[in-house]
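Rule-based calculations on the coordinates, nothing more; no lab input. What you are looking at is a predicted structure, and each value in this text was computed from that prediction instead of being measured. Quick reminder, even Gly has a Cβ in these numbers, built from the backbone with ideal geometry, and neighbours come from all protein chains shown.
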Amino acid sequence: MLRRARASEAERQKLATATATQQNALQQCEAKNAKLYAVGQEVLNAYESMDVTTVIAARQPFATKSRVKYEQIAQEYGDKLYDGRFDPRAVAAPAPASEASAPHAEAPKAP
C-alpha cells in the first residue's frame, strides 16, 4: 500500500513538472507570437505607406543611398522576425514541484 502511494506521488510530481514545462513553453509561444504580430503590422504599415516614387527611387541605379536605406530596413525586419522565432530547446526548466503547485499571478495578456 505504501509503495503504491509513493509511486502515485512520484507520478503526480512528474506530471506536475511536465505540466509546468508545457505552461512555460505556452507562455513563451504567446509572447513570441505577440512580437511577431507586431513586426507583421509594422511591415504592413511600411508597405501601405510606400508610394510609386519611393519604389522608383529605390530601383534607380543612381539612388544607392535610398536603396541602402531600404535594405537596412528590410534587414531590421528580418532580424526582428528571426528573434521572434520560438525555440523549444530554450524552454527553461520549471520550478521544483513545491513551487510549481503554488499559485502564481499571471501577467496581463496583450490584445
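Return M50, M1 ranked ascending by Cβ neighbour count within 10 Å, so the fewest neighbours appear first.
M1, M50
Going by how many other Cβ atoms sit within 10 Å of their own, how do V52, V68 line up, fewest first?
V52, V68
Less than 11 Å Cβ to Cβ from A10, Lys/Arg counted +1 and Asp/Glu -1: what total charge do the surrounding residues give? Show your work: numbers first, answer last.
On the way: positive: R3, R4, R6, R12, K14; negative: E9, E11.
Net local charge, A10 excluded: +3.
Of L81, L2, how do they rank once you tally other Cβ atoms within 10 Å and put the fewest first?
L2, L81
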